[in-house]
Every structure is written in C-alpha cells, then in structure tokens.
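Every number in this text was worked out from the coordinates using simple rules, so none of it is lab data. Remember, it's a predicted structure, so these values are computed and weren't measured experimentally. Counting neighbours? That spans all protein chains shown, and the Cβs are built from the backbone with ideal geometry, glycine included.
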Amino acid sequence: MNKSVMLVMLIIMVSGCSQHIQTSSGKSYLDKYNQVENYYSRQDGEENINKMVQQVANIEPTLNFPAKIGIARIDGGQLTSIPGKEIEYWEKSRKNISSHFGNFVPVSPLIAEMAVTSVNYRTTGNTVADVVNKIRLAAARQHMDAVLIYEVYSREESDSNFLSIANLTIIGAFILPSKAVETQGYANALLIDVIHGYPYGTAEASLQKTEMASTFGEYDKMNEMSDEIKTEVTAKLVGETEKMFRDLMLVL
C-alpha cells in the first residue's frame, strides 16, 4: 500500500469522560459553622458576601424517582432542538437506566420563548445566565422535576503534510490528502432542580479525531467532521450521564 492511500485511511481518535453527583444537605453543611466564632466579618462588604454564601448553600435536594427529567441542548450559546440521532441516544439510555427512572422530555425552544414572554423576562446581558434562565422557565412550564442541560461544541484545525507540494498542481490539490484535519469535540452536562437550582450532578466527555483531506476539500471536511464529532461526543456524554443517574438513584 502506498503512502497516499495510507494517509487517506488515517483516522486517529482520543477520548475522555467523567461524571459526578451531589446529594448533600445544605442545612447539614451550614450546621458545622454554628459554633464558629466571628462567622461573619465585621466589615460590611465581607459580611455581605458571607451572607450570600450562606444563602446559596442553604438548599436541599428534592428529586425523587420516577421523575420527569427535561433534556435541554445548547449549541452555539443557544437552546436548540435535539437532533434525531441524539434523541435516540437519550431514549436508549432511559431504557438502560431502570424501569423506575421516569422519563426524558426534550425542552422545547418554542415553549421556552413562550415562557419568557409570559412572565416578561428581561435579559440580563449575560449570555450564560439568560440561556439557563430561559431553560428553567421552559422546564417549569413543562412541569419537569429537574432539567439536564447539555452543551456540545467543536474546534477544528488543519496542518499540511509532505504531500502539500501537490497543492502546486490543480489536480493534486483536489485529490491528494495533503491536509491533516483535526477536530476536538466537547460535551458537558449539568443536572439541576428546576425550581430552586440544586445541582444534582455533572458529566463531561471529549473526543479528538484526525483525518486527511485534500487542500480544496479541507473546508468541507472540517464541516463534516464538526457535525460528526458533535454526534459522537454526545453519545459518550449520554453514557456518562447514564452512570450519573444510576448513582443518584442509589442515594435519593
């Protein structure tokens, strides 16, 4: 097999995954500070932040199974519809977890727009806060117990190899694999209570692929690999969230 054929077939993949859960009591967390002398600073600014810390810590997990879990997908900083292939992953995962788990229900971008309008929600100017607030409002309108917010994104880059001299010829630039196109896919998920925002768990996954492309096929290859890796890294993320839900069901 010659080198050009070998380069066309070259595909390198690297991946990583992790997941964590939280079920701790806010009351128990704060109780250990009851006997601490001078818990609050005498300086107004520091005292205020101490009170804020206490306020955000004072929250309890309320999730019980079976549950109605919303699935909200973020891509490009916006709530999006869930592609059909990814819906298949989530539905398969639901069946794998347990018959007592409950259901996954997609958070509808249309319902989200209706929900924010119905309460005259005003944007904060913070893109992250606004999209999360919109998701929580939509999940509340759909009467969900908790919502799993997941985000997928990718990054692409390319580099020339020893066949790049073929770029000097018209035919060679079209057909010879002179560019190594690398794409990284990332997916993160956060499970929160819809009503009070308790964070029940997180999961993340990453995937890296390298394939070859011709100079004139480089842009199309990047777009193709971006779509592919978002789907593939979502599949890995679904596997991690499945583990997270199983762990939660053991303790909640």
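For this structure, a couple of remarks:
- Full extension of the segment from Thr231 to Asn188, taken as 0.36 nm per residue of separation minus the current Cα-Cα distance, would add 14.2 nm.
- With the simple spin-label model, which puts each label point 7 Å out from Cα in the Cβ direction, the Arg122 to Leu250 separation comes to 4.8 nm.
- Packing order of peptides 122-128, 59-65, highest average first: 59-65, 122-128 (average count of other Cβ atoms within 10 Å over each peptide's residues).
- Exposure proxy shown here: for Leu110, Leu207, the number of other Cβ atoms within 10 Å sets the order, fewest to most, as Leu110, Leu207.
- Relative exposure of Tyr186, Tyr121, judged by other C-beta atoms within 10 Å (fewest first): Tyr121, Tyr186
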